[in-house]
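Worksheet: the structure to be examined is printed underneath.
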Amino acid sequence: MPSLAPTGYKYYACCGKVLCSGCCYAPVYDNQGNEVDNEKCPFCRTPTPDTDEETIERERKRLDAGDAVAIYNQGCEYDNGINGYPQDYTKALELWHRAGELGFAKAHCNIGYAYNNGHGVEVDEKKAKHSYELAAMGGDVLARYNLGVDEARTGNYDRALKHLMIAARDGFAPSLKVIQTMYFKGHATKDDYTKALRSYQTYLGEIKSKQRDEAAAADEDYRYYESGV
């Protein structure tokens with residue numbers, strides 16, 4: 001089922017910023033170098049809301065401002081029937097379409113998931129693939145991975161490998177496992193798997209930081225890498 005936010009990042013409804021786990025978890029210092037209360041938005045320094053009602057009110061303000069992430073999140077809330085919203089798949093799709101039109105690629109991925117799995121709609125593989133393609137072109141790695149898996153399932157291994165290599169290069173670890181399986185079955189080479197693994201490791205090296213590692217160790221929601229790879 002589609003989720004509200006990707007692991008390793010956090011959306012702040014106070015200012016509409018999406019910040020990495022390292023910035024969210026890192027201590028904050030004043031001008032004299034003293035550590036101060038970090039229960040505030042790392043970007044705009046607005047205090048963390050004390051109640052769910054305050055959080056929802058901030059989200060509504062972001063919705064009124066046309067914030068694509070807020071619109072996407074509300075779609076997920078309708079999809080799951082949480083945070084006071086009734087479960088309504090039609091409303092969720094409507095909001096995801098709106099968020100996608102505003103440039104939030106993950107919304108297209110959720111639409112693709114819905115059509116691919118009959119989640120609140122009739123299964124439509126053409127619509128699913130089109131939505132996944134829109135999401136992948138916007139940089140969504142899960143959509144890229146899904147395209148690769150679908151191509152492999154239908155025997156288009158060359159196309160599958162291209163999608164999966166891109167997803168691995170952009171840090172999506174499950175792609176490595178699929179490429180490895182393709183190699184074992186003779187649909188990819190050892191060199192293909194080695195290149196995918198190296199590109200994934202390069203990605204991790206580029207985004208790795210002490211702050212992100214500390215955040216990942218402290219809270220599973222802050223983990224920015226796939227374990228067991």
Query - Residue in the stretch 111-164 that is farthest from Lys195 (Cα to Cα), counting only those that are aromatic (Phe, Trp, Tyr) and open to solvent by 40 Å² or more (accessible area, probe 1.4 Å) - result: Tyr113
Report task. For the stretch 157-166, indicate whether the set of residues that are out of contact with any Gly (no Cβ under 7 Å at 6 or more places or on another chain), among the small types (Gly, Ala, Ser) and either part of a helix (DSSP H, G or I) or under 30 Å from Gln87 (Cα atoms) (or both) is non-empty. Result -> no
Report summary line: Within the stretch 56-92, the count of residues that are touching a residue at least 12 places away in the same chain (Cβ under 8 Å) and either surrounded by 15 or more Cβ atoms within 10 Å (Cβ to Cβ) or closer than 16 Å to Phe104 by Cβ (or both) comes to 24
**Report entry** Where a residue in the stretch 130-147 is closer than 16 Å to Met165 by Cβ and its partner, wherever it lies, is polar (S, T, N, Q) and at pLDDT 95 or above, with Cβ under 6 Å and at least six apart
**Finding:** Tyr145/Ser175
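Residues checked against (1) out of contact with any Lys or Arg (no Cβ under 8 Å at 6 or more places or on another chain); (2) more than 13 Å from Cys20 (Cα to Cα); (3) assigned to a helix (DSSP H, G or I); (4) without any contact (Cβ under 8 Å) to a residue 40 or more places away in the chain:
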{"site": "Leu176", "(1), (2), (3), (4)": "yes, yes, yes, no"}
{"site": "Tyr183", "(1), (2), (3), (4)": "no, yes, yes, yes"}
{"site": "Asp192", "(1), (2), (3), (4)": "yes, yes, yes, yes"}
{"site": "Leu204", "(1), (2), (3), (4)": "yes, yes, yes, yes"}
{"site": "Ala216", "(1), (2), (3), (4)": "no, no, yes, no"}
Report summary line: Of those in the stretch 201-229 that are open to solvent by less than 80 Å² (accessible area, probe 1.4 Å) and among the basic types (Lys, Arg), the residue modelled with the highest pLDDT is Arg212
Requested in this report: Give the residue that is nearest to the chain's Cα centre (by Cα), with candidates limited to residues of the stretch 183-226 that are more than 15 Å from Cys24 (Cβ to Cβ) and hydrophobic (A, V, I, L, M, F, W, C).
Outcome: Leu204
Query raised in the report: How do the pairs read when you match residues in the stretch 1-25 that are β-branched (Val, Ile, Thr) with residues anywhere that are assigned to a helix (DSSP H, G or I) and at pLDDT below 85, using Cβ under 9 Å and keeping only pairs 6 or more apart or on different chains?
Result: Thr7/Ser21; Thr7/Glu220; Thr7/Asp221; Thr7/Tyr222
Report task. Residue by residue through the stretch 1-55, note down the ones that are in contact with a strand residue (DSSP E or B) (Cβ under 8 Å, 6 or more places away or on another chain), open to solvent by 70 Å² or more (accessible area, probe 1.4 Å) and at pLDDT below 85. Result -> Tyr9, Lys10, Tyr29, Glu35, Asp37, Glu39, Lys40, Phe43
Report task. List the number of the failed condition for Tyr183; all other conditions in (1) out of contact with any Pro (no Cβ under 9 Å at 6 or more places or on another chain); (2) open to solvent by 20 Å² or more (accessible area, probe 1.4 Å); (3) within 25 Å of Thr90 (Cα to Cα) hold. Result -> (3)
**Report entry** Residue list for the stretch 103-129, filter: among the aliphatic types (A, V, I, L, M) and in contact (Cβ under 8 Å) with a residue 12 or more places away in the chain
**Finding:** Ala105, Ala107, Ile111, Ala114, Val121, Ala128
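The values are calculated or read from the model by the stated rules, or taken from the named source; none is laboratory data. Since the structure is predicted, the reported quantities are computational estimates derived from the model, not experimental observations. Glycine gets a Cβ as well: all are built from the backbone with ideal geometry, and neighbour counts include every protein chain shown. Surface areas here come from the heavy atoms of the whole protein model, side chains and all, with no ligands, DNA or RNA. Shrake-Rupley method; radii C 1.70, N 1.55, O 1.52, S 1.80 Å.
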